[in-house]
Amino acid sequence: PDGPYEILFNPGAPPGERGGEGLRVMAVHPRQMFSFTWNAPPSLPEVRGQRTHVVLRFHQEGRDLPRVSLYHDGWGSGGEWDEAYEYFQRAWNAIVLPRLKYRFEHGPIDWDDPPGLEELAGYAA
């Protein structure tokens, strides 16, 4: 907890444009919960410097069926905050969570050739 956390979607980009940079782990409960701060994409600079919060909860539903709940809060309102909220509404539901489900059903994802949106259509959250 309170350690650094980053996910770089574009590691070759200049600092501040590489992805989820400068974030912090908020809490860890092994196999049950993981929470961290998150930032908006570089295209929304007014809110990128501020942080929202993500909480992932893991539940076992039957012998081999994991369930993941994602909560994303800490939103402001108006202007870029509204744009950021809409961005993440799409990203979590159309890309991130479907890829997570795809991964559990098909094994590790080759990030040099990840499944495209058409492959993920049946996995939408």
Original post:
So what are the ³J(HN,Hα) numbers for the range 108-123, from phi and the Karplus equation (6.51, -1.76, 1.60; θ = phi - 60°), rounded to whole Hz, Gly and Pro as x?
Top reply: x, 8, 7, 6, 7, 8, x, x, x, 4, 5, 5, 8, 3, x, 10
**OP:** Provide the per residue accessible area, probe 1.4 Å, for the chain, rounded to a whole number of square angstrom.
**Re:** 66
Original post:
Tell me, what % of the accessible area of the range 19-125 is carbon and sulfur with a 1.4 angstrom probe?
Top reply: 52
Subject >> Percentage relative contact order, the range 1-54, counting C-alpha pairs under 8 Å, at least six apart >> reply: 28
Original post:
In whole Hz, what ³J(HN,Hα) sequence does the range 57-65 give by Karplus (6.51, -1.76, 1.60; θ = phi - 60°), x for Gly and Pro?
Top reply: 10, 10, 10, 9, 10, x, 5, 10, 10
**OP:** Taking amide H positions as placed in the peptide plane 1.01 Å from N, state which residues far from Met33 in sequence (5 or more) or on other chains have amide H under 5 Å from it.
**Re:** Phe58
Original post:
Once you mark the trypsin sites (Lys or Arg not before Pro) that are in a DSSP loop and have at most 11 other Cβ atoms within 10 Å, what is the longest gap between them in the chain?
Top reply: 64-125
Subject >> Around Tyr87: net Lys/Arg minus Asp/Glu count, Cβ-Cβ under 12 Å >> reply: -2
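The values are calculated or read from the model by the stated rules, or taken from the named source; none is laboratory data. These numbers were taken from a predicted model, which means no experiment stands behind them. Neighbour counts are summed over all protein chains in view; Cβ atoms, including those assigned to glycine, are modelled from backbone coordinates with ideal geometry. For accessibility, only protein heavy atoms count, side chains too; no ligands or nucleic acids. Shrake-Rupley method; radii C 1.70, N 1.55, O 1.52, S 1.80 Å.
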